[in-house]
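Novice: Mind looking over this structure? Questions follow.
Here, each number is a calculation from the coordinates, and none is a lab measurement. In this text the structure is predicted, and so the values were computed from the model without any measurement. Quick reminder, even Gly has a Cβ in these numbers, built from the backbone with ideal geometry, and neighbours come from all protein chains shown.
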Amino acid sequence: MFVARSIAADHKDLIHDVSYDFHGRRMATCSSDQSIKVWDKGGNGEWTCTASWKTHSGSVWRVTWAHPEFGQVLASCSFDRTAIVWEEIVGESNDKQRGQSHWIKRTTLVDSRTSVTDVKFAPKHMGLMLTTCSADGVVRIYEAPDVMNLSQWSLQHEISSKLSCSCISWNPSSSRAHAPMIAVGSDDSNVTYGGKVQIYEYNEVTRKYAKAETLMTVADAVHDIAFAPNLGRSFHVLAIATKDVRIFKLVPLQKDSSSSAPTKFEVQVLAQFDSHNSQVWRVSWNITSTLLASSGDDGCVRLWKANYMDNWKCTGILKGDGSQVSGQPGALSGVLGSATAQSALNGLIEYKHLTGPGRKKKKLEILPLQSNYGWRSYFEVVTLKHFLYF
Amino acid sequence: MHLGFEWGPGDLLVYETNYKLQGSPLVHVVRKDEDICSPILRKLFNESHLIFVGLQKIKEDVPSKNKKSQFVSISKNYRSVIRACMEELQQNAGKHSPDTHRTRRGGCSRSVSILLAIELIWNLCEVLFIDAAPAGSLLLHLLDWVRLHKSDVDARAREVLQSESPAQHQSYWDVVISLVLQGRMDEARQVLSKQASLRAESSSVFKRMDVLLQTMPIFNPTGTQTLTEFDVKWRHWHEECDRCLQDNTFASNRHLETIVKILVGDEDTILEQKELLSTWYHFLVTRLLFTHPTIKPPDLHYYAQSSMNMFLGPRAPPEPLDIILLSAFEFDLHQVIKDCSIALNNWWFVAHLTDLLDHCKLLQSHNLHFGSNLREFLVLEYASGLFTHHSLWQLAVDYFDHCPEFGRVYLELQIERIPLDTERKAIKVLRICEDRQMSEQVRSICKIMAKRALRNNRLGSALSWSIRAKDAAFATLISERFLQDYCNKGSFTDLDLLDNLGPAMLLSDRLTFLGKYREFHRLYGENRFSEAAKLLLSLMTAKIAPRGLWMTLLTDALPLLEQKEVKTRTTHALHSHFTVVKKLDEDIESTKTELLRLALARNLAMAIVKEGTIET
């Protein structure tokens, strides 16, 4: 069975982002209450808050972890026009006993003149590099030349994307065949500039980032964007959260390596899903790029999977608003096929508030779509577990 | 309402980020509940892993025909593992206390049901695809299959036979008929004999039935009789049964009448035994037994479809299990795998079965041009699922190893995410990466461990991890910390490590210096003064000593200079270094300088005297 627990996050205002660290043992939450909280997962699977501190003078939009090779490092960005890099320092022994840790501010990046809407670390093979994007459309790429000194960052590149930016995603591929590539999504309401997703590529000859592609077919506001893990493929896969979920395939066309022009791509649409029937808020890939999850204003998280024929389908829905989906089809039948049907088992999961007055029981449902047959089993749960796996 | 989320290993974080906040914001953590039956199922995963690995090792060059028996035996191994797991689960289900949560208990019995279904399907696939029995043997195998999965007959038979007067037992005739339906004639005769002994007057009728049952021909695949010969014999027998029916031989006993009708293959009568048959596929096999025992594999599907329709009737739609079995009878392998994937949502089953079928070269022959992709796809899915389990992930590694296209990259991506809770776990993970020359993962893991150690001020650990990562820059950094510590505290930590660096010392200049410097201290401690002095000198000459430490080195040299063995040459050299240092850094503490100058001069004097008095 699935168990859903709710953690009372104790933020005093809306949570805008939640981010797991690389190993999935820690997480950071950020909020409009201007603070960040860091949580650690104990051996028993319970999450405890090990740090909570005020970070910005405005809502904190995003928080992200650096690769653990660089230590325990967080970056956050905010409405207050700054992005900040934090490092955890090993505290005094009595702090450790109380299970608290300290995070100190290493640097504040103040170059932006408007709200900084996203902050992401570049893939680790590029070194310790941080990228921000702002509401005025500027994308900035910073580098810490000495990875042991997190207070020194230099602005390496400034890209003016001309559209208000909402999200960025780095292509995680470390293959030498692929130049560093970053996708920028825009939630600009300006309709003159059609394409709301731009892809920039680093050119070895010019030593600059240049625009390689604009996805003209994405004309509506983009809320989230995510490159899929590359898996050694020659092409790239990009998921976009806009008024629907879209998955693009970008096939690089042959290019002369001494050319100063960016790579040209052949753009194909692998899938487009409007099942959320509302704005799609987040998209995220699992580590092997076999599963894409999306969340939308319909209050659902949907899981998308491609079969061995590369056909994409929805394989699960998580409903978060507590309402039960009526008319659950099918019934669990006995093993021997034609025996009398047993009562249906819906994927109803109960979870309890960890804190809060009373013991409210809310229902978080998991509905695997292809269960017209109504089969439920431990193994099905195991598979859903697979779906939720990296 | 906006709903945000984030992937985690084994769970998903979901948070509501409304336009307007209502109450305290929540983060939902959704994950599987591991408690249900998992230790037992874990055994299934572990043991099937062994079988899987063994299967992969079977050599390709042996011709398929000879391998068939090997594959059948492997298939039987898998099935016995499933059965063992099932039995254990059943025992466990019985053990639950009344306090055990309802869903948990339900979970165990559900698992048992699912495993039963899996074994049923697997067994049929083994009969039809792997063993690929030809006509004659086919029916025998199908009979075995049905018998294995309708085991309540044995229990009931035992109950009847062990009762005081079996013939009066209420299940008596049910047992006899059930045995007949399963083609177990000898056992049916045995039970019937209990009846016969009671009623002497009708004994001839029972004798007649006994003869019919005894003379029913059963095909012997290992015998000399051909299928045609068997068929002829069977028809004779069939006619004999029919004659008995027409002659009303058994009219006096309605049960015997029913039995002879079954023997004749009267479908309506067989169908009337619905309750005893309980499944349409039992009906199918029984029907074939008494109407068409020489059935050929390609003809199977017609009978299967009609049996299912007849048994289920118009109102009951077929269940997923029924569909799967039907696809198997139709020899539509692809459909079987597809339907199993969907209906069971069980990667363990389809992955292992498809892998076995692929080894039997069955996926290709069934015209699945994406045959090998399908197998790899399913195995990758299964293995990925194992990966986030805290101990089962090690099994997954072997599965990835046998996925030629994507196995390596999947492994690379997933193995670096394993939380490195302890050094022991890290080393385990490392060994796996090193064995597969995953050098980037090795480097990354070592770097993470080194960084973590450094953060917690465990310099020795940090150093050994950076050496293992071959990270020269980091090694330099840590060496400098060691030296700093030495300057502050006057002694080294982690002497064991420093003393046994060996060739790893050469990773970085600073590290080499650190190692040699420690060696110098050791030599001094062992009173090997001239060696120590020589080493110190070479350190300064080789210019790998950091400038900042030169004064310290010279200060270290001070006591040495008091020792008699230090030669003139050495002292001169030291003196020249001293001059260099003094020139570079005018601020050097004057007392120190004076001491050093005095010591150098004294030593020089001594050396001159000593050397002067030695015979040349």
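Novice: So who's got an amide H within less than 5 Å of the one on A:His102, skipping anything under 5 residues away but keeping other chains? H placed 1.01 Å off N, in plane.
Specialist: A:Ile89, A:Gly91
Novice: What is the average number of partner chain Cβ atoms found within 10 Å of a Cβ in B:109-117? If you can, show how the numbers build up before the last one.
Specialist: Values: counts 0, 12, 3, 2, 8, 7, 4, 3, 7.
Neighbouring Cβ atoms belonging to other protein chains average 5 per residue here.
Novice: OK, next. Can you list the residues, at least 5 places off or on another chain, whose amide H is less than 5 Å from the amide H of A:Glu213, using H built in the peptide plane?
Specialist: Amide H neighbours of A:Glu213: A:Ile199.
Novice: Follow-up question, since we're still on this one. Just counting partner chain Cβ atoms within 10 Å, what average do the residues of peptide A:34-42 show around their Cβ? Let's see the in-between values first.
Specialist: Values: counts 0, 0, 0, 1, 0, 3, 0, 5, 0.
Shielding by partners across A:34-42 averages 1.
Novice: List the GluC sites (Glu not before Pro) within the range A:91-183 that fall in a DSSP loop (any state other than H, G, I, E or B) and whose Cβ has at most 13 other Cβ atoms within 10 Å. Mind showing how you got there, number by number?
Specialist: Values: sites: A:Glu92, A:Glu143, A:Glu158; in loops: A:Glu92.
The qualifying sites are A:Glu92.
Novice: Relative to 2.2 N^0.38 Å, what does the C-alpha radius of gyration of the range B:135-260 come to as a ratio? Two decimals please. List each step's numbers first, then the result.
Specialist: Numbers: Rg = 15.6 Å, N = 126, 2.2 N^0.38 = 13.8 Å.
The reported ratio for this selection is 1.13.
Novice: Non-local amide H neighbours of B:Gly136 (under 5 Å, H modeled in plane, Pro and chain starts lacking H): which ones?
Specialist: B:Ile295
Novice: When ranked by the protection proxy of mean other Cβ atoms within 10 Å per residue, highest first, what sequence do the peptides B:389-399, B:440-450, B:459-469 form?
Specialist: B:459-469, B:440-450, B:389-399
Novice: Can I ask one more? Work the Kirkwood hydrodynamic radius out for the range B:381-539: mean of 1/r over every pair of different alpha-carbon atoms, inverted, in Å.
Specialist: For the range B:381-539, the Kirkwood estimate is 17.5 Å.
Novice: Can you list which of the trypsin sites (Lys or Arg not before Pro) found in the range A:155-198 are DSSP loop residues with at most 13 other C-beta atoms within 10 Å?
Specialist: Passing sites in the range A:155-198 are A:Arg176.
Novice: May I ask you to list the GluC sites (Glu not before Pro) in the range B:141-243 that are in a DSSP loop and have at most 10 other Cβ atoms within 10 Å of their Cβ? Don't skip to the answer; put the middle values down first.
Specialist: Working: sites: B:Glu159, B:Glu164, B:Glu187, B:Glu201, B:Glu229, B:Glu239, B:Glu240; in loops: B:Glu164.
Listed in order of number, the matching sites are B:Glu164.
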